[in-house]
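Undergrad: Here it is: the structure, laid out below.
The values are calculated or read from the model by the stated rules, or taken from the named source; none is laboratory data. Quick caveat: nothing in here was measured; it's all calculated off a predicted structure. FYI the Cβ positions are ideal-geometry reconstructions off the backbone, even for glycines, and counts take in every protein chain you see.
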Amino acid sequence: ADVFISADLAWMDYLAGKGLIREETRSNLLGNRLVLVAPAASAKPVEIKPGFDLSALVGNGKLAMGAVDSVPAGKYGKAALEKLGLWSAVSGKVAGAESVRAALLLVSRGEAPYGIVYQTDAAADPGVKIVGTFPQDSHPPIIYPVAMLKDAKSPAAAAYLEFLKSAKAAPFFEAQGFTVLK
């Protein structure tokens, strides 16, 4: 691959630190949101804010989310729950999954009454509905940077990178639930 899109700023920073990208081509391409989902059949909207009683909402069930020590969506979710003062009440109810898609599946199958996932993942599964969106200031920004790799050989790499940043590509990203960053 000659162009790298990362779902985690830390990965792009790591590559930049190792001198593996063309720094002048780096930009923040997309943004995402963190949402609370429920099985589609039982979804009722909630307002996510400080003091929100997520623990009572989950009840005796589990809160599905990516593993908080290793999955980016889990890390963002834990940060949001801590900032909102909810982590201590729900940490014992968390079903940490190996990926955000695995957490989504737990909710879609009805094995967990609620889950914390990316908006884009929620949009991809008709078995869930978004019941609330986490405030953007409750967690670090979810940004997908893009850059050309330093050793890019393909003459089409620069054109592909420009297409990804273009107005022609934006509707495709937006249809998947991403925010196109300018």
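Undergrad: Scan the range 9-25 residue by residue and report those that are over 15 Å from A152 (Cα atoms) and surrounded by 18 or more Cβ atoms within 10 Å (Cβ to Cβ).
TA: Correct list: M12 only.
Undergrad: Would you pick out the residues in the range 69-100 that are β-branched (V, I, T) and within 13 Å of the chain's Cα centre (by Cα)? Step through it out loud before you land on a result.
TA: The initial filter retains those residues of the range 69-100 that are β-branched (V, I, T), namely 71, 90, 94, 100.
V71, V100 - these are the residues of the range 69-100 that are β-branched (V, I, T) and within 13 Å of the chain's Cα centre (by Cα).
Undergrad: On to the next question. Only one of (1) closer than 20 Å to I142 by Cβ; (2) in contact with a Leu (Cβ under 7 Å, 6 or more places away or on another chain) fails for D2. Which number is that?
TA: Here D2 meets the rest and fails (1).
Undergrad: Quick one: is G19 touching a residue at least 40 places away in the same chain (Cβ under 8 Å), closer than 30 Å to F163 by Cβ and more than 22 Å from the chain's Cα centre (by Cα)?
TA: Spelling it out, G19 is indeed touching a residue at least 40 places away in the same chain (Cβ under 8 Å), closer than 30 Å to F163 by Cβ and more than 22 Å from the chain's Cα centre (by Cα).
Listed here are the residues, each with its yes/no results for (1) over 30 Å from E111 (Cα atoms); (2) at pLDDT 95 or above; (3) charged (D, E, K, R).
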| residue | (1), (2), (3) |
| --- | --- |
| I5 | yes, no, no |
| L9 | yes, no, no |
| M12 | yes, no, no |
| G17 | yes, yes, no |
| N32 | no, yes, no |
| L36 | no, yes, no |
| P39 | no, yes, no |
| A43 | no, no, no |
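Undergrad: Could you check the range 161-182 and list, in sequence order, the residues that are under 17 Å from the mean Cα position of the chain (by Cα) and surrounded by 15 or more Cβ atoms within 10 Å (Cβ to Cβ)?
TA: Answer for the range 161-182, where residues must be under 17 Å from the mean Cα position of the chain (by Cα) and surrounded by 15 or more Cβ atoms within 10 Å (Cβ to Cβ): F173, G177, F178, T179, V180, L181.
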